[in-house]
Amino acid sequence: MNDFKFSNLNSYIPFNFSNQNNLSKNSVLILETGEKFFGYSFGSEKLGIGELCFNTSMTGYQEIITDPSYTNQIINFTFPHIGNVGANFNDYEGESNVSGIITRQIPSKESNWRSDKNFSEWLKDLSIPGISGIDTRKLTKIIRKKKSINAIIAKIDKTDNLDELNEILQSHPSMNGLELFSKISTKKEYQWNQKLHNLLRLHEKQNDKRLKIVAFDFGIKSNILRNLYERNFEICVVPHNTTIENILSKNPDGIFLSNGPGDPKASDAFVFKLLKNLTSLKIPIFGICIGHQLIALSLGAQTSKMKQGHRGANHPVKNLETNSVEITSQNHGFIVDQNSLPNNLQITHVSLFDQSIEGLKHKELPIFSVQFHPEASPGPIDTSYLFDKFYNLCLEYNNAKKN
């Protein structure tokens with residue numbers, strides 16, 4: 001094993017810690033492009049490896065970390081105060097498959113009336129490694145210059161050979177071409193019956209009629225399901241590989257396609273065949289994130305990997321139907337290519353950051369989708385009206401079935 005020298009590590013930390021003298025840098029972040037950052041280990045001590053991305057949200061780190069869409073990714077938080085409100089048992093969005101997290105400051109002791117557990121201990125329970133003391137803004141600038149970067153987080157000592165870690169990193173697959181949602185989708189269907197938290201319940205039901213929908217789990221967030229249930233939907237959540245016969249046997253009033261991780265083009269051919277069959281039935285369909293991308297692909301469009309992705313809770317989007325600007329929560333690394341759109345798809349929303357497609361609708365069928373996250377959690381609720389839009393489409397379909 002090669003000796004490892006810590007002579008130049010202080011250059012990576014542009015601030016002082018009150019307890020810095022009692023700490024030693026015992027963790028390393030290595031980028032596949034060769035850059036190395038040294039800092040302080042917290043959370044799990046396991047090795048963390050995945051695609052490096054950054055999130056600009058100032059709140060909601062627990063919801064971000066438990067979002068299944070971050071499967072196989074290391075999250076670089078640009079906001080420095082991560083962990084200061086601890087973790088609780090209510091704000092889970094799903095089963096976390098995050099590969100690691102990066103923070104500028106060492107997570108402080110929690111101080112919040114909703115906290116149930118210390119942040120670092122919570123990460124240990126989830127087997128998520130963390131590294132702090134990193135210049136996260138410098139790291140963000142590096143990410144922005146590259147199309148996609150894998151990275152590795154490891155707890156180390158002076159005897160560790162960093163070349164071995166780099167070899168592990170270089171063999172890790174790229175997110176481009178990687179199918180992931182089949183690994184995290186539910187294995188059996190279930191009924192959802194949980195409402196929004198009281199802190200988030202700003203919506204009032206417009207109709208007391210209970211409608212049945214089938215929700216495909218590609219990595220679904222709990223707050224999406226809570227929003228749907230709040231709109232008086234009876235929700236059956238199904239695996240990604242559910243058959244069309246099973247769906248039709250439930251006689252649904254609508255189909256929901258969830259968010260999820262990975263490259264949508266790498267999805268199994270079975271999924272696209274199923275979606276094509278569903279679109280031909282003229283059942284209302286609503287898709288979010290990878291659900292949006294899968295709808296576009298099944299109708300003839302193409303998707304591509306973004307240079308750095310959109311991840312944060314303050315992304316401005318223009319609604320082309322109302323000519324208004326909506327602030328949205330986003331988390332995606334792939335987009336629908338505008339030049340590939342078939343004639344039957346119309347753009348409804350665009351990003352004001354880069355003009356990428358943020359929403360689509362079918363010109364003839366009751367199908368629409370958005371790239372952003374109207375359920376927020378974390379983020380603004382400017383676009384929660386989309387759940388009402390879905391309910392109204394399903395209500396029209398339900399009434400038409402009886403005539």
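The values are calculated or read from the model by the stated rules, or taken from the named source; none is laboratory data. None of the values given here were measured: they were computed from a predicted structure. Please note: Cβ atoms are built from the backbone with ideal geometry, for glycine as well, and neighbour counts cover all protein chains shown.
Could you tell me whether region 273-280 includes any residue that is within 22 Å of CYS236 (Cα to Cα), free of Cβ contacts under 8 Å to residues at least 24 places away in the same chain and part of a loop (DSSP other than H, G, I, E, B)? Looking for residues that are within 22 Å of CYS236 (Cα to Cα), free of Cβ contacts under 8 Å to residues at least 24 places away in the same chain and part of a loop (DSSP other than H, G, I, E, B), one finds at least one in region 273-280, hence yes.
Sub-8 Å Cβ pairs linking a first residue in region 298-323 that is in contact (Cβ under 8 Å) with a residue 12 or more places away in the chain to a second residue that is buried (at least 18 other Cβ atoms within 10 Å of the Cβ) and among the basic types (Lys, Arg), at least 6 apart or interchain, number zero. Counting only strands (runs of 3 or more DSSP E) that fall entirely inside region 88-155 and contain at least 2 residues that are touching a residue at least 60 places away in the same chain (Cβ under 8 Å), the qualifying elements are 129-132, 150-155. All of (1) among the polar types (S, T, N, Q); (2) farther than 17 Å from PRO264 by Cβ; (3) touching a residue at least 24 places away in the same chain (Cβ under 8 Å) hold for GLN293 with one exception: (2). Candidates LEU395, LEU386: the one that is outside any loop (DSSP other than H, G, I, E, B), touching a strand residue (DSSP E or B) at 6+ places or on another chain (Cβ under 8 Å) and either within 14 Å of VAL317 (Cβ to Cβ) or acidic (Asp, Glu) (or both) is LEU386. Scanning region 288-341 for residues that are small (Gly, Ala, Ser), more than 26 Å from ASN241 (Cβ to Cβ) and touching a Phe, Trp or Tyr at 6+ places or on another chain (Cβ under 7 Å) yields a count of 1. Please go through region 216-241 and give me each residue that is hydrophobic (A, V, I, L, M, F, W, C) and under 17 Å from the mean Cα position of the chain (by Cα), ordered by number. Scanning region 216-241 gives PHE216, PHE218, ILE220, ILE224, LEU225. Give the residues of region 285-337 that are assigned to a helix (DSSP H, G or I) and buried (at least 24 other Cβ atoms within 10 Å of the Cβ), sorted by residue number. Hits for region 285-337 are ILE290, GLY291, HIS292, GLN293, LEU294, ILE295, ALA296.
Looking at LEU29, LEU47, LEU23, can you tell me which residue is at pLDDT below 95 and out of contact with any helix residue (DSSP H, G or I) (no Cβ under 7 Å at 6 or more places or on another chain)?
On the way: LEU29 fails: at pLDDT below 95; LEU47 fails: at pLDDT below 95.
Sole residue among the options that is at pLDDT below 95 and out of contact with any helix residue (DSSP H, G or I) (no Cβ under 7 Å at 6 or more places or on another chain): LEU23.
Read through the list (1) touching a Ser or Thr at 6+ places or on another chain (Cβ under 8 Å); (2) of a type in the set (Asp, Glu); (3) more than 20 Å from ASN339 (Cα to Cα), then give the number of the only condition that ASP388 fails. Among (1) touching a Ser or Thr at 6+ places or on another chain (Cβ under 8 Å); (2) of a type in the set (Asp, Glu); (3) more than 20 Å from ASN339 (Cα to Cα), the lone unmet condition for ASP388 is (1).
Yes or no, residue by residue, for (1) of a type outside the set (A, V, I, L, M); (2) in contact with a strand residue (DSSP E or B) (Cβ under 9 Å, 6 or more places away or on another chain):
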{"residue": "LEU29", "(1), (2)": "no, yes"}
{"residue": "LEU52", "(1), (2)": "no, yes"}
{"residue": "THR56", "(1), (2)": "yes, yes"}
{"residue": "THR78", "(1), (2)": "yes, yes"}
{"residue": "ASN84", "(1), (2)": "yes, no"}
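Is it the case, given these coordinates, that LYS195 is out of contact with any Leu (no Cβ under 7 Å at 6 or more places or on another chain), within 22 Å of GLY260 (Cβ to Cβ), surrounded by fewer than 20 Cβ atoms within 10 Å (Cβ to Cβ) and not assigned by TED's automatic domain parsing to the domain that holds TYR61? Quick ask: steps written out before the conclusion?
Working: out of contact with any Leu (no Cβ under 7 Å at 6 or more places or on another chain): yes; within 22 Å of GLY260 (Cβ to Cβ): no; surrounded by fewer than 20 Cβ atoms within 10 Å (Cβ to Cβ): yes; not assigned by TED's automatic domain parsing to the domain that holds TYR61: yes.
In short, no.
Going residue by residue through region 103-116, is there one that turns out to be in the same structural domain as GLY39 (by TED's automatic domain parsing), within 16 Å of CYS53 (Cβ to Cβ), in contact with a strand residue (DSSP E or B) (Cβ under 8 Å, 6 or more places away or on another chain) and of a type in the set (A, V, I, L, M, F, W, C)? No: region 103-116 contains no residue that is in the same structural domain as GLY39 (by TED's automatic domain parsing), within 16 Å of CYS53 (Cβ to Cβ), in contact with a strand residue (DSSP E or B) (Cβ under 8 Å, 6 or more places away or on another chain) and of a type in the set (A, V, I, L, M, F, W, C). Listed conditions (1) surrounded by 13 or more Cβ atoms within 10 Å (Cβ to Cβ); (2) touching a strand residue (DSSP E or B) at 6+ places or on another chain (Cβ under 9 Å); (3) within 17 Å of ASN76 (Cα to Cα) are all met by ARG137, apart from (2).
Scanning region 374-388 for residues that are closer than 17 Å to PHE286 by Cα, out of contact with any helix residue (DSSP H, G or I) (no Cβ under 8 Å at 6 or more places or on another chain) and in contact (Cβ under 8 Å) with a residue 40 or more places away in the chain yields THR383, LEU386, ASP388. Are any of the residues in region 116-126 within 26 Å of THR303 (Cβ to Cβ) and either hydroxyl-bearing (Ser, Thr, Tyr) or out of contact with any Pro (no Cβ under 6 Å at 6 or more places or on another chain) (or both)? Checked against the condition, which is being within 26 Å of THR303 (Cβ to Cβ) and either hydroxyl-bearing (Ser, Thr, Tyr) or out of contact with any Pro (no Cβ under 6 Å at 6 or more places or on another chain) (or both), region 116-126 yields no hits at all.
Considering only residues in region 107-131 that are out of contact with any helix residue (DSSP H, G or I) (no Cβ under 9 Å at 6 or more places or on another chain) and hydrophobic (A, V, I, L, M, F, W, C), the one that is nearest to GLN73 (Cα to Cα) turns out to be ILE131. If the condition is being surrounded by fewer than 20 Cβ atoms within 10 Å (Cβ to Cβ), within 18 Å of TYR190 (Cβ to Cβ) and hydrophobic (A, V, I, L, M, F, W, C), then region 236-276 contributes only CYS236.
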